[in-house]
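So the structure is just underneath, and the comments pick up after that.
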Amino acid sequence: MRKDVAVLMVLWVMCIPYATFICASATPNKLDTLKAFLRKKILYDEYVPIDSVICWSENILPVIKTNNRNDENYFLLQLQLANAYTLRGDISLAIDRARLMYEEAKETEYEFGIAVANQAIGDAYTIANQCDKALDSYQDALKELNHLSQQHPYRIQLLLKISNALQRKGQLEKAQKTLHDIEQTLQKQPDYATSFFANIEKANYAISHGHLSKAYLKEAAAYLHNMDSIYRIHPEKFYCFHLKYTTAAYYRAMGNWNRMYWNKALQLYEELRQEYTVNKQSAYYRWITQETIYLYKIQGKSMAACLLYQELYSTVDTLTAEGYVRQINILRAKYQIDQMEIASREEHNKFITGILTGSILLVFIFIIITIMLRKQRQEIALSTQKLEHLRTNAENATSAKSVFLSNMSHEIRTPLNALSGFSSLLTEENLDNETRRQCNEVILQNSELLLKLINDVIDLSSLEFGENTILYQQI
């Protein structure tokens, strides 16, 4: 007996390293599988159920956290885990995961992590049928992501969430604009998984208008065909559920025009209910049952609707549901408080920046005014010099004119005296002819001299006013 125990212990000791090696080698494969799920936008497949995804994520995330928390895949894997909790019906765990995501992203000030955490909060609000708050969370997530880049690849995922929330609220015009933005983004960045879920949102939009015209339902049928084409190329179980669920909604809308389609819708809903009846707390089972209840109601099958309602909500504790909403509200309030602190800090920074900008502007204006005053002072000094120079020139000119007039008066007075004197002599009768002749010659000479002086004065005046020019020639 003791030998058997000893042998077992030896075998156990030998198996421990081997088992550890197997687990260690399997972890990368699990991580690769989870990353592949992220690329495909799925939470499970035919071989990996939702419980395995949760188990793997809970084991792998702590390892990634120790290596690199500021990694997009780390937060996307956390979001994947939160959505897996929600799908399984563990809403409280999903909310706790969203809280952890936000706290870690806030601690490291990682904007992408904050955006993804807000998306997780929005998903929790969506499950709790709080569409208004869900939309606010998704829009906050988009705002955080835009701080990184307006063209971030993850932006389209948030637009899909926003479109869904808008349609749930009945804001169809805004939802249509968001769908148009999604379509433009897909043209630039084609992706089959994103295209699949974009077609779901477009089909839902068309189905919501199906009671108005069959043309909308034809559009919905075209979107369903696109989804089916993608599913045939990529036959994922996750896609299959959404394809059937959306097709059933299409049949329900077609029933408004032809009631035979309501039977097809009931058949699809019943098929899905049987597939997911294992866990009646799961989100899928609740969605399917709610749609079936609504279909029974519009068909007038009130008793069948009541039975299903009792089955769905018999185990649901209203206080627990309110507790979920309270948890989400607490998390949301924490985010809003942080945002208010950030906004207050930004306002303070803007105030300081405004003061600095104003101070710099005042200094700049002061410098400009100083330069202008200095320039004006220089111009005034230059003008004063010019005026002084002009005054001196004017004084010199006046003095020159005075000297000129003094000289001219003397020059003019000389021939005038001669003219006056010899003219008075000619009046005497006792002068002989020779004397008279000489007096006439003197009068003629002085007359010519006086005429020449007057002409010179006139020429000088003309030169001063620019009426004549001086011609220089060799003599």
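The values are calculated or read from the model by the stated rules, or taken from the named source; none is laboratory data. Every value quoted in this text rests on a predicted model; they were computed, and no experiment measured them. All Cβ positions, even for glycine, are placed from backbone atoms using ideal geometry, and neighbour counts span all protein chains on display.
Just one of the listed residues (102, 154) is buried (at least 21 other Cβ atoms within 10 Å of the Cβ), in contact with a helix residue (DSSP H, G or I) (Cβ under 9 Å, 6 or more places away or on another chain) and of a type in the set (Phe, Trp, Tyr), and it is 102. Go through the range 95-136 and give me each residue that's among the hydroxyl-bearing types (Ser, Thr, Tyr) and touching a Lys or Arg at 6+ places or on another chain (Cβ under 7 Å). The answer is 108, 125.
One line per residue, one yes/no per condition, for (1) at pLDDT below 95; (2) touching a Cys at 6+ places or on another chain (Cβ under 7 Å); (3) closer than 25 Å to residue 125 by Cα:
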{"residue": "171", "(1), (2), (3)": "yes, no, yes"}
{"residue": "177", "(1), (2), (3)": "yes, no, yes"}
{"residue": "194", "(1), (2), (3)": "yes, no, yes"}
{"residue": "219", "(1), (2), (3)": "yes, no, no"}
{"residue": "225", "(1), (2), (3)": "no, no, no"}
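Here residue 451 does not fit the description of being in contact with a helix residue (DSSP H, G or I) (Cβ under 8 Å, 6 or more places away or on another chain) and not charged (D, E, K, R). Only residues that are at pLDDT 75 or above and among the hydrophobic types (A, V, I, L, M, F, W, C) were counted in the range 427-439, giving 1. Report whether or not residue 396 is at negative phi, touching a helix residue (DSSP H, G or I) at 6+ places or on another chain (Cβ under 9 Å) and either assigned to a helix (DSSP H, G or I) or among the aliphatic types (A, V, I, L, M) (or both). For residue 396, the condition - at negative phi, touching a helix residue (DSSP H, G or I) at 6+ places or on another chain (Cβ under 9 Å) and either assigned to a helix (DSSP H, G or I) or among the aliphatic types (A, V, I, L, M) (or both) - is not met.
Taken over the range 244-275, the criterion of being free of Cβ contacts under 8 Å to residues at least 24 places away in the same chain and among the aromatic types (Phe, Trp, Tyr) is satisfied by 251, 261. Among the residues of the range 260-276, those identified as aliphatic (A, V, I, L, M), buried (at least 16 other Cβ atoms within 10 Å of the Cβ) and over 15 Å from residue 304 (Cα atoms) are 265, 268, 272. Of the helices (runs of 4 or more DSSP H) that lie entirely inside the range 178-262, those containing 1 or more residues that are more than 25 Å from residue 284 (Cα to Cα) span 214-233. Taking each residue of the range 277-288 that is surrounded by fewer than 17 Cβ atoms within 10 Å (Cβ to Cβ) and of a type in the set (Val, Ile, Thr) and looking for partners that are modelled with pLDDT of 85 or more and not in a loop (DSSP other than H, G, I, E, B) with beta-carbon atoms closer than 7 Å, six or more apart or interchain, yields 277/285.
Here the range 57-89 is the region considered, the condition is being touching a residue at least 12 places away in the same chain (Cβ under 8 Å) and not in a helix (DSSP H, G or I), and the residue that is nearest to residue 241 (Cα to Cα) is 89. When the residues of the range 226-243 are filtered to those that are of a type in the set (A, V, I, L, M) and in contact (Cβ under 8 Å) with a residue 24 or more places away in the chain, the one that is nearest to residue 205 (Cα to Cα) is 227. Kindly indicate whether residue 167 is within 30 Å of residue 150 (Cα to Cα), touching a helix residue (DSSP H, G or I) at 6+ places or on another chain (Cβ under 8 Å) and surrounded by fewer than 17 Cβ atoms within 10 Å (Cβ to Cβ). Against the criterion (within 30 Å of residue 150 (Cα to Cα), touching a helix residue (DSSP H, G or I) at 6+ places or on another chain (Cβ under 8 Å) and surrounded by fewer than 17 Cβ atoms within 10 Å (Cβ to Cβ)), residue 167 does not qualify.
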